[in-house]
Amino acid sequence: MNTDKPILLFDGVCNFCNRMVNFAIRNDKKAKLLFAPLQSAAGTQLKSKFQVAPNADTIVFIEKGKSYTYARAAIRVCRYLDWPAKMLYAFIIIPRFISQPVYKCIARNRYKWFGKKETCMIPTEAVRKRFLE
């Protein structure tokens, strides 16, 4: 599997994660990012390849041969977005000891706060080519 382009792995049944992905798609007009649900074959393969814990309750961002999780993953995605969404990358200055626990709290409670779908999101035909199989 080619990992030259940055890839965002997300919980396909999580409403919060799906909103994040839709936000990224809307604000990435040049289609720099690729996506895959964690539950997909591609997601499972990439988690294994980058040694992400099987029970990690987070998004995973793969960029230049490295994987990032939790807040660092979400923030690093922003550098690929169009202006003004790209400004969110400024949150990279927040130290990990602050940003990671905040994100982990959101991740732990995401189903309770934002809900859960029965199945993974199905991308529209226009964006399907940006999703890994």
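A short reminder: the numbers here are calculations on the coordinates, not readings from a lab. None of the values given here were measured: they were computed from a predicted structure. Please note: Cβ atoms are built from the backbone with ideal geometry, for glycine as well, and neighbour counts cover all protein chains shown.
Under a 5 Å amide H cut-off, with hydrogens placed 1.01 Å from N, Gly12 pairs with Leu38, Gln39 among residues at least 5 apart or on other chains. Loop-resident trypsin sites (Lys or Arg not before Pro) (DSSP state other than H, G, I, E or B) in the range 39-133 with no more than 16 further Cβ atoms inside 10 Å of their Cβ: Lys64, Arg79, Lys117.
A simple spin-label model places pseudo-atoms 7 Å from Cα toward Cβ; at Met87 and Ser48 they are separated by 4.3 nm. Sequence-ordered 3J(HN,Hα) estimates for the range 123-128 from the Karplus curve with 6.51, -1.76 and 1.60 and θ = phi - 60° stand at x, 5, 4, 5, 10, 4 Hz, glycine and proline given as x. Note that the range 6-19 has calculated 3J(HN,Hα) couplings of x, 10, 10, 9, 9, 6, x, 9, 8, 4, 4, 5, 5, 5 Hz, one per residue in order, obtained from phi through the Karplus relation 6.51 cos²θ - 1.76 cosθ + 1.60 (θ = phi - 60°); glycine and proline are x. Ranking Tyr80, Ile98, Ala36 by how far each Cα lies toward the positive end of the dipole of the chain (charges on Cβ) leaves Ile98 at the top. Annotation for Lys29 and Arg79: the two label points, set 7 Å from Cα along the Cα-Cβ direction, are 2.3 nm apart.
Taking θ as phi - 60° and the Karplus parameters 6.51, -1.76 and 1.60, the scalar couplings of the range 25-39 work out to 4, 4, 9, 10, 5, 8, 6, 7, 9, 10, 9, 7, x, 4, 6 Hz in sequence order, x denoting glycine and proline. For the pair Asn15 and Gln100, label points projected 7 Å from Cα toward Cβ lie 3.0 nm apart.
The lysines within cross-link reach of Lys117, meaning a Cα-to-Cα straight distance under 30 Å and a gap of 8 or more places when in the same chain, are Lys5, Lys29, Lys30, Lys32, Lys47, Lys49, Lys66, Lys86, Lys104, Lys129.
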